[in-house]
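First comes the structure, then the notes that go with it.
The values are calculated or read from the model by the stated rules, or taken from the named source; none is laboratory data. Bear in mind that the values here come from a model prediction, so they are computed numbers and not experimental data. Don't worry about glycine lacking a Cβ; one is built from the backbone with ideal geometry, like all the others, and counts go over all protein chains shown.
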Amino acid sequence: MDVGCGEGILYERLCKGHYSRYLGIDVSTVAIGRVSDKNDEKHQFVAARIEDFRTDEKFDVIIFNECLYYMEEPLKTLRHYEGFLSKNGLFIVSMNKATETWKIWKQIEKHYSIRDVVSVSNAKGVCWIIKVLAVR
């Protein structure tokens, strides 16, 4: 599951044969409208308010790519999505490196085990922290 998928940038970069199901969710009906032609049995894009989204499906990985800091209560949002993780499922969270995001990371790290972490930056010096998290 790709939470905050926008126009499907991550979707476009995934190796299509390496996963069984992709569900992209974004609050923007305009963004989802631009990728809705890609909906099929394996891929689905849904416009929904992220904090309220519900599904009966379970996912091995749920990705929050550059969207968690837009949530009113980031930790509460993650806790909501725990119900959509399969047994031993993982979150992958990416946030830009900033003072505001350190506060969010501190909250998250009190509730989740960090399985892996990487820092990446671009040629302009913009840096992102990406963490793989497991429910404790």
- Complete set of residues in the stretch 33-57 that are modelled with pLDDT of 95 or more, surrounded by 13 or more Cβ atoms within 10 Å (Cβ to Cβ) and part of a loop (DSSP other than H, G, I, E, B): A48, F53, T55
- Flag if F64 is over 21 Å from I104 (Cα atoms), out of contact with any Asp or Glu (no Cβ under 6 Å at 6 or more places or on another chain) and touching a residue at least 40 places away in the same chain (Cβ under 8 Å): no
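Hey, can you tell me all the residues within the stretch 119-136 that are in a strand (DSSP E or B) and in contact with a Phe, Trp or Tyr (Cβ under 9 Å, 6 or more places away or on another chain)?
Of all residues in the stretch 119-136, those in a strand (DSSP E or B) come to 119-121, 127-135.
S119, V120, S121, I129, K131, V132, L133, A134, V135 - these are the residues of the stretch 119-136 that are in a strand (DSSP E or B) and in contact with a Phe, Trp or Tyr (Cβ under 9 Å, 6 or more places away or on another chain).
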- Message: Looking at (1) more than 21 Å from Y11 (Cα to Cα); (2) exposed (fewer than 15 other Cβ atoms within 10 Å of the Cβ), which one does V118 not meet, given that it meets all the others?
- Response: (1)
- Among the residues listed as I62, I92, the single one being modelled with pLDDT of 95 or more, of a type in the set (A, V, I, L, M) and touching a Lys or Arg at 6+ places or on another chain (Cβ under 9 Å): I92
- Residues K42, K58: which one is touching a Ser or Thr at 6+ places or on another chain (Cβ under 6 Å), over 24 Å from W128 (Cβ atoms), in contact (Cβ under 8 Å) with a residue 12 or more places away in the chain and not hydrophobic (A, V, I, L, M, F, W, C)? K58
- Task: Quick one: count up the residues across the stretch 69-111 that are more than 23 Å from G24 (Cα to Cα) and not in a helix (DSSP H, G or I).
- Result: 2
- Task: Mind listing whichever residues of the stretch 16-32 are assigned to a helix (DSSP H, G or I) and modelled with pLDDT of 95 or more?
- Result: T29, V30, A31, I32
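Any residue at all in the stretch 65-78 that's surrounded by 11 or more Cβ atoms within 10 Å (Cβ to Cβ) and on the phi > 0 side of the Ramachandran plot?
Checked the stretch 65-78: at least one residue is surrounded by 11 or more Cβ atoms within 10 Å (Cβ to Cβ) and on the phi > 0 side of the Ramachandran plot.
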